[in-house]
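The values are calculated or read from the model by the stated rules, or taken from the named source; none is laboratory data. Quantities reported herein were computed from a predicted structural model and do not represent experimental measurements. Every residue, glycine as well, gets a Cβ built from its backbone with ideal geometry; the counts of neighbours run over all protein chains shown.
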Amino acid sequence: MTWTVIGKAGEASLSFLVDEDGVSISGEGQSRFSPTTFYVNASKIEALPARWTIYRAFEASEAASFFSLDVSTMKRLDATAVKVTTEAISIIKYYDAIPSYVGFSIFLPDAYFDNVWQLAKLITRRPNMTYWLRVNFDGFSPRRIDDHPELLTYEEWLGGRPYISSRASISRSFIFALVPSDTGSVL
């Protein structure tokens, strides 16, 4: 399954931050989720607003550990493993706030982060650009499977359990791209 977030330079706020988690890029956009399975009624989340932050994994490993906390199991990502990751790690959470939104925390290895940083700077200089970020993930399990507690059900995710796309089986789990706004759809 794929989750896509679309934003426009003129409409979405993009921010660059340096704090205890190092350098990060944040933004807001419109999410698009289309389940590929029939057992998930995704009408509640099909087009929720999205808030996202992209971090350099080495600098923000403790933040990854914090955002990945699963209160139902009290397990989280190992900060040491995040520091040395060679793949993107995406954490997707549902926030039942007013209004509800989907939060994406993405942790990238150094070279990958540097490339995204350059693209994000282009957005701030070119108001006619549209960006999109895409996160691939396995999807939701139709029911709880005791032998595989890592499989997440839709109801568990709506209840606050984070989805973590850090498994090696997911290739190209994160993509960030820019296109001129006048080219039409980015999907």
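Give the residues of the range 38-97 that are of a type in the set (Lys, Arg) and more than 12 Å from the chain's Cα centre (by Cα), sorted by residue number.
Step one: of the range 38-97, the residues of a type in the set (Lys, Arg) are 44, 51, 56, 75-76, 83, 93.
Hits for the range 38-97 are Lys44, Arg56, Lys75, Arg76, Lys83.
In contact (Cβ under 8 Å) with a residue 60 or more places away in the chain, assigned to a loop (DSSP other than H, G, I, E, B) and surrounded by 15 or more Cβ atoms within 10 Å (Cβ to Cβ) - does that describe any residue in the range 114-135? Looking through the range 114-135, none of the residues is in contact (Cβ under 8 Å) with a residue 60 or more places away in the chain, assigned to a loop (DSSP other than H, G, I, E, B) and surrounded by 15 or more Cβ atoms within 10 Å (Cβ to Cβ).
Scoring Thr124 on the criteria (1) modelled with pLDDT of 90 or more; (2) within 18 Å of Val23 (Cβ to Cβ); (3) in contact with a strand residue (DSSP E or B) (Cβ under 9 Å, 6 or more places away or on another chain) leaves a single failure, condition (1).
For the structure I just gave you, tell me whether Pro49 is under 17 Å from Thr4 (Cβ atoms) and of a type outside the set (A, V, I, L, M). Before you say what the answer is, go through the steps one by one.
Details: under 17 Å from Thr4 (Cβ atoms): yes; of a type outside the set (A, V, I, L, M): yes.
Here the answer is yes, as Pro49 does meet what is asked.
Taking the conditions (1) under 21 Å from Val23 (Cα atoms); (2) in contact (Cβ under 8 Å) with a residue 60 or more places away in the chain in turn, Tyr154 satisfies each one other than (1).
Table: residues versus (1) β-branched (Val, Ile, Thr); (2) touching an Asp or Glu at 6+ places or on another chain (Cβ under 9 Å); (3) modelled with pLDDT of 85 or more; (4) farther than 14 Å from Val135 by Cβ.
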residue: Thr4; (1), (2), (3), (4): yes, no, yes, no
residue: Gly22; (1), (2), (3), (4): no, yes, yes, yes
residue: Phe38; (1), (2), (3), (4): no, no, no, yes
residue: Ile45; (1), (2), (3), (4): yes, no, no, no
residue: Arg56; (1), (2), (3), (4): no, yes, yes, yes
residue: Lys75; (1), (2), (3), (4): no, no, no, yes
residue: Asp96; (1), (2), (3), (4): no, no, yes, yes
residue: Val102; (1), (2), (3), (4): yes, no, yes, no
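Of the residues that sit in the range 85-99 and are surrounded by fewer than 16 Cβ atoms within 10 Å (Cβ to Cβ) and in contact with a strand residue (DSSP E or B) (Cβ under 7 Å, 6 or more places away or on another chain), which one is nearest to Val23 (Cα to Cα)?
Within the range 85-99, the first condition is being surrounded by fewer than 16 Cβ atoms within 10 Å (Cβ to Cβ), and the residues that meet it are 86, 95-99.
Among the residues that remain, those that are also in contact with a strand residue (DSSP E or B) (Cβ under 7 Å, 6 or more places away or on another chain) are: 95, 99.
Details: Tyr95: 24, Pro99: 28 Å.
Among residues in the range 85-99 that are surrounded by fewer than 16 Cβ atoms within 10 Å (Cβ to Cβ) and in contact with a strand residue (DSSP E or B) (Cβ under 7 Å, 6 or more places away or on another chain), the one nearest to Val23 (Cα to Cα) is Tyr95.
Would you please name the residue that is modelled with the lowest pLDDT, looking only at residues in the range 64-73 that are aliphatic (A, V, I, L, M) and more than 17 Å from Tyr112 (Cβ to Cβ)? Write out each step before concluding.
Filtering the range 64-73 for residues aliphatic (A, V, I, L, M) gives 64, 69, 71.
Filter once more, so that each one left must be more than 17 Å from Tyr112 (Cβ to Cβ): 69, 71.
Numbers: Leu69: 84, Val71: 77.
Here the residue is Val71.
From Phe174, Phe140, which residue is within 16 Å of the chain's Cα centre (by Cα) and at pLDDT below 85?
Numbers: Phe174 fails: at pLDDT below 85.
Of Phe174, Phe140, the one residue that is within 16 Å of the chain's Cα centre (by Cα) and at pLDDT below 85 is Phe140.
Contact map, the range 49-66: residues that are in contact (Cβ under 8 Å) with a residue 40 or more places away in the chain and closer than 14 Å to Glu87 by Cα paired with residues that are of a type in the set (Phe, Trp, Tyr) and part of a strand (DSSP E or B), Cβ distance under 7 Å, separation 6+ or inter-chain. Pairs shown: Tyr55/Phe107; Ala57/Phe107; Ala64/Phe107. Looking across the range 100-112 at every residue that is closer than 14 Å to Trp52 by Cα and aromatic (Phe, Trp, Tyr), the one that is surrounded by the fewest Cβ atoms within 10 Å (Cβ to Cβ) is identified as Tyr101. The listed residues are Val82, Val71, and the only one of them that is surrounded by 14 or more Cβ atoms within 10 Å (Cβ to Cβ) and either of a type in the set (Val, Ile, Thr) or within 14 Å of Val135 (Cβ to Cβ) (or both) turns out to be Val82.
Limited to the range 143-159, what total is found for residues that are β-branched (Val, Ile, Thr) and at pLDDT below 80?
Within the range 143-159, the first condition is being β-branched (Val, Ile, Thr), and the residues that meet it are 145, 153.
So of that shortlist, the ones also at pLDDT below 80 come out as 145.
Total meeting the criteria: 1.
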